[in-house]
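Engineer: Quick one: this structure, given as structure tokens, is what I'll be asking you about.
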Amino acid sequence: MNVVAVIATFRRPAELQRLLDSLGKSTVALHGIVITDNADDAPTRTFVEKAGARYVAAPGNPGCGAGLALAEAAALAAFPELTHVWVLDDDVVVEPETLGTLLAAGAGSACPQAADARGGLNWFPGLLDRAKFDILRRAATPDDYLRICGTSPQPFSWATGVALLVARSTLEKAGLHRGDFWVRGEDLDFSLRCTQAAPGVYVPTARVAHLPPGGGLVVDDFPERMKHAAMLQNAAFLSARTSHGQRLIRHIPGNSFRHLRRFGLAAFADVLRATWLGAVRGLPAGAPGGTYFRERLGK
């Protein structure tokens, strides 16, 4: 198997170095690493190239989806013999056995368990088995899920972009990441296209740690509100305007409710605008004419 890791980063040198260090300990050696730098930062270029990874510049921060699409295209061009791409967040740490365990599942796409710094289970996929999905959402730790549900891989419809291994045949059928989602939702779109092309599985015995700067705590609510509203817009677009995204429809009410619970009734206008832009006008949050929430942040 020839696996190439693809990563999009933006001004996270410490986290990126930590990820590269963990990849270097993998029991299955990577065939290559391609990193898109959405900041086009000279120091980042220097240490990426020193680490032996392929550097792709994307000035102006076009977004995670756009950065990953550039990395995927570069990987296919530079490594024609690749069999899989491994899409990774830049703030992930992988265990040495993770890649081998994911490959052993033999699926079109495969994602591991992802835990936070305290060992809590987080960033889970949408399992097709409703009972197991409910357990996964409520399980406090990876071991809690394993104790109740066992170690068997479970089919999913969508997955987060934390760590997703995708077979080349699946990637060629599904296509690369989209570049017009701005922030949040590009992973939903990509994983839904992948599982439409070939079955994807959640592999609970494969593990990664997802360790965002600051522990993932949000200090300023307004930027988080705009990013979450953009996610609602992207989800509305996917569920109303794409065949693969119709599987998200049942999650729309819950996501909207969480937006209101977090940000208050004043954010009701966000839900209406996100629905109008995404579902009615058919515009993702990064598409021309659909960038209302990004513009409010001045980005």
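The values are calculated or read from the model by the stated rules, or taken from the named source; none is laboratory data. In this text, all values refer to a predicted model and were calculated from it rather than measured experimentally. All Cβ positions, even for glycine, are placed from backbone atoms using ideal geometry, and neighbour counts span all protein chains on display.
Engineer: If the requirement is being among the hydrophobic types (A, V, I, L, M, F, W, C) and over 25 Å from Arg178 (Cβ atoms), which of these qualifies: Val28, Val3, Val48?
Structural biologist: The unique qualifying residue is Val28.
Engineer: Which residues, counting only those in segment 120-156, are outside any helix (DSSP H, G or I) and either among the acidic types (Asp, Glu) or under 21 Å from Leu248 (Cα atoms) (or both)?
Structural biologist: Hits for segment 120-156 are Asn122, Trp123, Phe124, Pro125, Gly126, Leu127, Leu128, Asp129, Gln154, Pro155, Phe156.
Engineer: Every residue in segment 243-289 that is assigned to a loop (DSSP other than H, G, I, E, B) and crowded, with 20+ Cβ neighbours inside 10 Å, please.
Structural biologist: Leu283, Pro284, Ala285, Gly286, Ala287
Engineer: Val166 is checked against (1) of a type outside the set (Lys, Arg); (2) modelled with pLDDT under 95; (3) not in a helix (DSSP H, G or I) and fails just one. What number does that condition carry?
Structural biologist: The one condition Val166 does not meet is (2).
Engineer: Ser191 passes all but one of (1) assigned to a helix (DSSP H, G or I); (2) small (Gly, Ala, Ser); (3) surrounded by fewer than 16 Cβ atoms within 10 Å (Cβ to Cβ); which number fails?
Structural biologist: Single failed check for Ser191: (3).
Engineer: Additional query: For segment 169-184, what are the residues that are of a type outside the set (Val, Ile, Thr) and assigned to a loop (DSSP other than H, G, I, E, B)? Step through it out loud before you land on a result.
Structural biologist: Residues of segment 169-184 that are of a type outside the set (Val, Ile, Thr), as a first pass: 169, 171-182, 184.
Listed by number, the residues that qualify are Gly175, Leu176, His177, Arg178, Gly179, Asp180, Phe181, Trp182, Arg184.
Engineer: Residue check, Ala159 against (1) touching a helix residue (DSSP H, G or I) at 6+ places or on another chain (Cβ under 6 Å); (2) in a helix (DSSP H, G or I); (3) aliphatic (A, V, I, L, M), all met but one. Which one?
Structural biologist: (2)
Engineer: Show me the helices (runs of 4 or more DSSP H) found entirely inside segment 1-116 where at least 2 residues are surrounded by fewer than 23 Cβ atoms within 10 Å (Cβ to Cβ) and hydroxyl-bearing (Ser, Thr, Tyr).
Structural biologist: Qualifying helices (runs of 4 or more DSSP H): 42-50.
Engineer: Regarding segment 196-214, can at least one residue be identified that is buried (at least 24 other Cβ atoms within 10 Å of the Cβ) and part of a helix (DSSP H, G or I)?
Structural biologist: No, there is no match, as no residue in segment 196-214 is buried (at least 24 other Cβ atoms within 10 Å of the Cβ) and part of a helix (DSSP H, G or I).
Engineer: Please give the number of the condition Val218 fails out of (1) more than 16 Å from the chain's Cα centre (by Cα); (2) on the phi > 0 side of the Ramachandran plot; (3) at pLDDT below 95.
Structural biologist: In the conditions (1) more than 16 Å from the chain's Cα centre (by Cα); (2) on the phi > 0 side of the Ramachandran plot; (3) at pLDDT below 95, Val218 misses (2) alone.
Engineer: Please list, ordered by first then second residue, the pairs with beta carbon atoms under 8 Å, 6 or more apart or interchain, first in segment 167-180 and outside the structural domain of Leu103 (by TED's automatic domain parsing), second β-branched (Val, Ile, Thr).
Structural biologist: Listed by first residue and then by second, the contacts come to nothing, as the list is empty.
Engineer: Okay, moving on. Name the pairs whose Cβ atoms lie under 8 Å apart, with the first residue in segment 24-36 and assigned by TED's automatic domain parsing to the domain that holds Val93, the second aromatic (Phe, Trp, Tyr), and 6 or more positions between them or separate chains?
Structural biologist: Once the first residue is assigned by TED's automatic domain parsing to the domain that holds Val93 and sits in segment 24-36, its partners that are aromatic (Phe, Trp, Tyr) give Leu30/Trp86; His31/Phe79; Gly32/Phe79; Ile35/Tyr55.
Engineer: Specify which of the listed residues (Gly52, Gly106, Gly100) is free of Cβ contacts under 8 Å to residues at least 12 places away in the same chain and more than 16 Å from the chain's Cα centre (by Cα).
Structural biologist: Just one listed residue meets the conditions, Gly106.
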